[in-house]
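Novice: Sharing a structure, written as structure tokens. Questions coming.
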Amino acid sequence: MLVKLEKAFNKFADFIGNITSILMLLMMLNVFYDVIMRYFFNSGSIGMQEMEWHLFSVVILLGISYALKEDGHVRVDIIYDNLSPQKQAIINIVGTFIFLIPFALLIGFGSLEFVYEAFASNEISGDPGGLHYRWIMKAFIPFSMLLLVITSIGFIIKNINVYKGESA
């Protein structure tokens, strides 16, 4: 049963990864457009420049969950790689419960007021021609932490399966 649950969480994380890759492509097209306009036509848009870092931020925030699913996160591999898969699984489970989930919840809940203030004040860019509705961008902080907690549960299930020798 846990193997089926692991597969469901993997599909969810893959969906997030697909959205992130589409946003990465949009960001690259945005940068390409901005460079062409700036260097070949001496024309630029502050809104397009701001969109670059907005998209970059969203790619990073959403990509965190996918990186966890793919084991693309940072760890001390010099020690970790020499351990058995069962010991690695224990380290992953304990680390997720002690560090990852509390950290994600702290950031997620801690950023709600930050997002609310941006929404309530209708925060916009300080630059003329900049983007409006900054609260949408800021709302990705708690949203991405929620996604990270969800994918962390899938990561824990995966490691329980590895520990039991039943990985998907």
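The values are calculated or read from the model by the stated rules, or taken from the named source; none is laboratory data. Fair warning: this is a prediction, and the values are worked out from it, not measured in the lab. Cβ placement follows ideal geometry from the backbone for every residue including glycine, while neighbour counts extend to all protein chains displayed. SASA here: full protein model, heavy atoms, side chains in, ligands and nucleic acids out. Shrake-Rupley method; radii C 1.70, N 1.55, O 1.52, S 1.80 Å.
Novice: From the Cα gyration tensor of segment 45-120, with a ≥ b ≥ c the square roots of its eigenvalues, which class applies: rounded if a/c is under 1.5, or else prolate if a/b is larger than b/c, or else oblate?
Specialist: Working: a/c = 4.41, a/b = 1.87, b/c = 2.35.
Oblate, since a/c reaches 1.5 and b/c is not below a/b.
Novice: Right, here's the next one. Using a 1.4 Å probe over the heavy atoms of the protein chains, calculate the carbon and sulfur portion of the accessible area of segment 69-128 as a whole percent. It would help to have the intermediate numbers written out before the result.
Specialist: Details: 2940 of 4300 Å².
That share works out to 68 percent.
Novice: With angles folded into 0 to 90 degrees, how steeply does helix 101-120 sit against the dominant principal axis of the chain? Use alpha carbons for both and round to 10.
Specialist: 20
Novice: Show VAL74, VAL35, VAL149 ordered by accessible area, largest first, where the area counts protein heavy atoms only and the probe is 1.4 Å. Could you put the intermediate results ahead of the total?
Specialist: Details: VAL74 140, VAL35 55, VAL149 25 Å².
So, going from the largest accessible area down, we get VAL74, VAL35, VAL149.
Novice: Could you give the Stokes-Einstein D for the chain in µm² per second, using the C-alpha Kirkwood radius, 20 °C, 1.002 mPa s? Please list the in-between numbers first.
Specialist: Details: Rh = 18.1 Å.
Reported coefficient: 119 µm²/s.
Novice: Here is a further query. Quick one: plug the Kirkwood hydrodynamic radius of segment 28-75 (C-alpha pairs) into Stokes-Einstein at 25 °C, 0.890 mPa s, and report D in µm²/s. Present the calculation step by step, with values, prior to reporting the outcome.
Specialist: Numbers: Rh = 12.3 Å.
Using the Kirkwood radius from Cα pairs, D works out to 199 µm²/s.
Novice: Cα extents of segment 1-48 along the three principal axes, largest first, in whole Å?
Specialist: Principal extents (largest minus smallest coordinate, Cα): 60, 15, 7 Å.
Novice: Could you rank LEU5, LEU148, LEU25 by how accessible they are, 1.4 Å probe, largest area first? Before the final figure, lay out each step's value.
Specialist: Values: LEU5 70, LEU148 10, LEU25 95 Å².
My answer, sorted largest first, is LEU25, LEU5, LEU148.
Novice: Measure of size requested: the Rg and Dmax of segment 96-168, with Cα atoms as the atom set and Å as the unit; please supply both.
Specialist: In Å, with Rg to one decimal and Dmax whole: 17.5, 58.
Novice: Based on alpha-carbon centroids, what's the gap between segment 78-94 and segment 127-151 in Å, whole number please?
Specialist: Here the two parts' Cα centres lie 34 Å apart.
Novice: Roughly what would the spin-label model give for ILE124 and VAL31, points 7 Å off Cα along C-beta, in nm?
Specialist: Label at ILE124, label at VAL31, 2.9 nm between them.
Novice: Which sequence of TYR39, TYR80 reflects their accessible areas, 1.4 Å probe, from the largest down? Can you show the working numbers first?
Specialist: On the way: TYR39 155, TYR80 25 Å².
I get TYR39, TYR80, largest accessible area first.
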